[in-house]
Amino acid sequence: MKRREPPAILYRRPEPKDGSEVWRLVRDSGGLDLNSAYSYLMLCDMFRDTCCIAQSEDRIVGFVSAFRKPADEQTLFVWQITVDGGLRGRGVGRQLLRELTDRKENAGIRYLEATIGPNNIPSRSLFLGMAQSLNAECTMASKYESGLFPNPEGHDDELLFRIGPFDREGLPSIKSQRTEEIHR
């Protein structure tokens, strides 16, 4: 019996029509705080340059939302990143981040930041691995204590992970050919 190749994953900018499917992906992730459907619609519309979709066939299988920090335009803050459960551990999350750092609109980015709970091992591994792939340092510091959240018993403290500085010049691009075609 011939083994079937997994479908290709395409990385692209989101569109407003993706908002509801992104909302469902985050809801089904099991580990992220679910924001309103309207917030995902706005992210897919107004923050297209700092968000990315991973799509397999006609299904969204990964999403990253991020924004440039208003007080520090060299820092891209990653708000949420999620990958469909069946594709976790296959590099989709790291590729989503690299898609953002490789975009010409984000050429001035020298740092990536995110807050991560101490028990979120996949996100910790993702950011530590991303730092290594960027040949950059990753520092961690306390950021948001659980008492700041409306339900402190149901939320862990959040640590700030900061990767950088990095210079995307000289780093090998890991974009696929199909991704290049989509962004033309």
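Some notes on this structure:
- Some residue of region 2-23 being of a type in the set (S, T, N, Q) and touching an Asp or Glu at 6+ places or on another chain (Cβ under 9 Å): no
- Residue list for region 112-167, filter: out of contact with any Pro (no Cβ under 9 Å at 6 or more places or on another chain), among the aliphatic types (A, V, I, L, M) and surrounded by 13 or more Cβ atoms within 10 Å (Cβ to Cβ): LEU112, ALA114, ILE116, LEU126, LEU128, MET130, ALA131, LEU134, MET140, LEU160, ILE163
- Scanning region 27-56 for residues that are in a helix (DSSP H, G or I), more than 25 Å from GLY108 (Cβ to Cβ) and in contact with a helix residue (DSSP H, G or I) (Cβ under 7 Å, 6 or more places away or on another chain) gives ALA37, TYR40, LEU41.
- Any hit, region 57-68, residues being among the polar types (S, T, N, Q), crowded, with 22+ Cβ neighbours inside 10 Å and in contact with a helix residue (DSSP H, G or I) (Cβ under 8 Å, 6 or more places away or on another chain): yes
- Residue in region 89-111 that is outside any helix (DSSP H, G or I), under 16 Å from ALA54 (Cβ atoms) and at pLDDT below 90 present: yes
- Enumeration of residues in region 20-79 that are in contact with a Phe, Trp or Tyr (Cβ under 9 Å, 6 or more places away or on another chain) and of a type in the set (Lys, Arg): ARG68, LYS69
The values are calculated or read from the model by the stated rules, or taken from the named source; none is laboratory data. Because the structure is predicted, anything quoted here is derived from the model rather than measured. Heads up, the Cβs are rebuilt from the backbone with ideal geometry, glycines too, and the neighbour counts pull from every protein chain shown.
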